[in-house]
Each structure stands twice: as structure tokens, then as C-alpha cells.
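Every number here is computed from the coordinates shown, using simple stated rules; none is lab data. Values in this document were obtained by computation on a predicted structure and should not be read as measured data. Cβ placement follows ideal geometry from the backbone for every residue including glycine, while neighbour counts extend to all protein chains displayed.
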Amino acid sequence: MILNSLQGLPAFLTYFVASVGLCVLFLLAYTAITPNKEFDLVFKEHNHTATVAVGMSLLGFSLPLASAVYNSANILDCVVWGVVALICQLVAYFLAYISHPNLGESIRNNVLSAGLWVGFISLAAGLLSAASMTY
């Protein structure tokens, strides 16, 4: 009985490791395009606004990634759609950035509304991306 349940373990591990890798790739790409050193703001300066922005952006990326895992035909298909989700999130950040002229400075100064702005745009983009990945 247990052995039957564990037959899917290799597929689970493959998709889970690929998903974690894509999340790491997303965080590296996201922090590379932002004007701040986000990890320093989060871990050294304990900046709540940066934490909200990065965390909600990661969640915004994870939603379509989960959809890609669920809907993909194979691991390559999943990774391709994960990269599409990553690009959508970077575009979402760009849209948040151009619509808020002082976004980077506001996040550095711990202005919570700026972090929420980025976060909610990321979540909206993630939900729309996830819904668009269903077939």
C-alpha cells in the first residue's frame, strides 16, 4: 500500500526541485533589476517594506509556477512555462516601477505603501498568468 503511494515520489521530487530552482532564479532576477540591494534591506536592515515587496513578488511568481506544475505535460514544459511566469513578473515589476516615480527610494525609506504597491501588482500579474496557463 505505501509502496503504491510512493510511486509518484520521483516525479514529485523532480517537479519540486525544479520549482525551488525556478524560485531561486526568480529571486536572483528580481533583485538584479531592482534599484536596491533587497536582501540587505530584508536581512540586515530589517526593512519591512522590502520584505513585503519581495515576499509578495515571490508569491506572485509561485502562483503561475504552481499552475505550470499542475498543467504541464512534462518537466521541460513546466520549466518553459516557469520562465514565462518569471518574465511576466519582471514586466509587472517594471510597470510598478514606472507608475511610481520614487519606488526604489520609497522602499529604502520603509514606506509600506510602496512595498504593497509592488506586491499587489505582482500578485495580480501572478493570478492572471496562472489563469492564462490553463488549457
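Just give me the residues in segment 73-104 being exposed (fewer than 13 other Cβ atoms within 10 Å of the Cβ) and either within 18 Å of His48 (Cβ to Cβ) or touching a Lys or Arg at 6+ places or on another chain (Cβ under 6 Å) (or both), in sequence order.
If the condition is that a residue be exposed (fewer than 13 other Cβ atoms within 10 Å of the Cβ) and either within 18 Å of His48 (Cβ to Cβ) or touching a Lys or Arg at 6+ places or on another chain (Cβ under 6 Å) (or both), then Asn102 is the only one that fits.
Pairs needed: first member in segment 43-72, of a type in the set (Gly, Ala, Ser); second member anywhere, in a loop (DSSP other than H, G, I, E, B); C-beta distance under 6 Å; at least 6 residues apart or different chains.
Sorted first by the residue in segment 43-72, then by its partner, the pairs are Ser67/Met133; Ala68/Met133.
Which of the residues spanning segment 80-110 are of a type outside the set (A, V, I, L, M, F, W, C) and either assigned to a helix (DSSP H, G or I) or closer than 18 Å to Leu127 by Cβ (or both)?
Result: Gly82, Gln89, Tyr93, Tyr97, Ser99, Gly104, Glu105, Ser106, Arg108.
May I ask you to list the residues in segment 105-135 that are hydroxyl-bearing (Ser, Thr, Tyr) and surrounded by 13 or more Cβ atoms within 10 Å (Cβ to Cβ)?
Ser106, Ser122, Ser129, Ser132
Output the residues belonging to segment 86-106 that are among the small types (Gly, Ala, Ser) and free of Cβ contacts under 8 Å to residues at least 60 places away in the same chain.
Within segment 86-106, Ala92, Ala96, Ser99, Ser106 meet the criteria.
In segment 112-135, what residues are farther than 15 Å from Phe61 by Cα and not in a helix (DSSP H, G or I)? Step through it out loud before you land on a result.
So in segment 112-135, the residues farther than 15 Å from Phe61 by Cα come out as 112-117, 134-135.
Listed by number, the residues that qualify are Thr134, Tyr135.
Search segment 16-42 for residues being of a type in the set (S, T, N, Q) and touching a residue at least 24 places away in the same chain (Cβ under 8 Å), and hand back the single one that is farthest from Tyr97 (Cα to Cα).
First, pick out the residues of segment 16-42 that are of a type in the set (S, T, N, Q): 19, 31, 34, 36.
Imposing the further condition that a residue be touching a residue at least 24 places away in the same chain (Cβ under 8 Å) reduces the set to 19, 34, 36.
Values: Ser19: 26, Thr34: 9, Asn36: 12 Å.
By that ranking, first place goes to Ser19.
Out of Leu3, Leu59, which single residue is loosely packed, with under 14 Cβ neighbours inside 10 Å, under 21 Å from Gly115 (Cβ atoms) and either out of contact with any Cys (no Cβ under 7 Å at 6 or more places or on another chain) or of a type outside the set (Lys, Arg) (or both)? Outline the logic, then answer.
On the way: Leu3 fails: under 21 Å from Gly115 (Cβ atoms).
On inspection, the qualifying residue turns out to be Leu59.
Could we say that Val54 is among the aliphatic types (A, V, I, L, M) and out of contact with any helix residue (DSSP H, G or I) (no Cβ under 7 Å at 6 or more places or on another chain) here?
no
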